[in-house]
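Report on the following structure.
The values are calculated or read from the model by the stated rules, or taken from the named source; none is laboratory data. Since this is a predicted model, take the numbers as computed values, not measurements. Using ideal geometry, Cβ is built from the backbone for each residue, glycine included, and neighbour counts are taken over all protein chains shown. Ligands, DNA and RNA are stripped out before the accessible areas are found, and what is left, the full protein with its side chains, is counted by its heavy atoms. Shrake-Rupley method; radii C 1.70, N 1.55, O 1.52, S 1.80 Å.
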Amino acid sequence: MRRALPAARQRALPAARQRALPPARQRALPAAVGALALTALVALLSGWSLSVVISGSMRPAVEAGDVVITAPLTGQRIRAGSVIRFRSPDRPGRAVLHRVARVAPDGRLITKGDANAVADATPVPAGAVTGVGRLRIRYAGLPVLWWRRGGGPRLAALAGVPAALIVLVGAGWRPGRPATRSRVR
């Protein structure tokens, strides 16, 4: 039978030993991350895809820097109000994420960004639609947006500050506690 350590001796233990997670919780985090990664892989293999929004044309529903997950069309009709990603008829090679304002009698889609005053000038053929918006993840695409806009220093700071904190905490620094020297006896 183990006996409890005196309070003075407990404080002397390394922080990692004082805050050790129970084995079940130690296994839960990798399992959750693995399940999330597997779900994402299955979604991507089934045709779902991610799009980083780079403009504010869909504000306030979708902001620049958000990630929108789109699902492939599977025989469903596209209706007014749906958010779709399509190959731009005006600029080859560019994908656009806009809302369907209405469907023309010939089946072409009249699209419009929520923040835009008028509908897009060129109707979109139904065959140019590459996905229907299903989920938005706020701010997840900000690093990509900053990189595309030349924000390398901001991106480096975003990665550097947490990395520095991890190194400091790993070395034994704790906020609000004076630095102490440990002795090996």
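Filtering segment 122-140 to residues that are of a type outside the set (A, V, I, L, M, F, W, C) and either open to solvent by 40 Å² or more (accessible area, probe 1.4 Å) or more than 29 Å from A101 (Cα to Cα) (or both) leaves T122, P125, G127, T130, R134, R136, R138, Y139. Restricting segment 52-87 to residues that are at positive phi and free of Cβ contacts under 8 Å to residues at least 24 places away in the same chain leaves a set whose member that is surrounded by the most Cβ atoms within 10 Å (Cβ to Cβ) is G81.
Looking only at segment 91-109, filter to residues that are without any contact (Cβ under 8 Å) to a residue 40 or more places away in the chain and under 20 Å from V67 (Cβ atoms); which one of those is surrounded by the fewest Cβ atoms within 10 Å (Cβ to Cβ)?
R94
Considering only segment 141-166, state which residues are outside any helix (DSSP H, G or I) and surrounded by 15 or more Cβ atoms within 10 Å (Cβ to Cβ).
G141, G151
Going through segment 78-89 one residue at a time, which ones are farther than 11 Å from A128 by Cβ and in contact with a Ser or Thr (Cβ under 6 Å, 6 or more places away or on another chain)? Answer for segment 78-89, where residues must be farther than 11 Å from A128 by Cβ and in contact with a Ser or Thr (Cβ under 6 Å, 6 or more places away or on another chain): there is none. How do the strands (runs of 3 or more DSSP E) wholly within segment 25-137 filter down when requiring 2 or more residues that are under 28 Å from R148 (Cα atoms) and polar (S, T, N, Q): which remain? In segment 25-137, the matching strands (runs of 3 or more DSSP E) lie at 49-52.
Could you grab me the full set of residues in segment 85-119 that are in contact with a His (Cβ under 7 Å, 6 or more places away or on another chain) and not small (G, A, S)?
Those that are in contact with a His (Cβ under 7 Å, 6 or more places away or on another chain) and not small (G, A, S): T111, K112.
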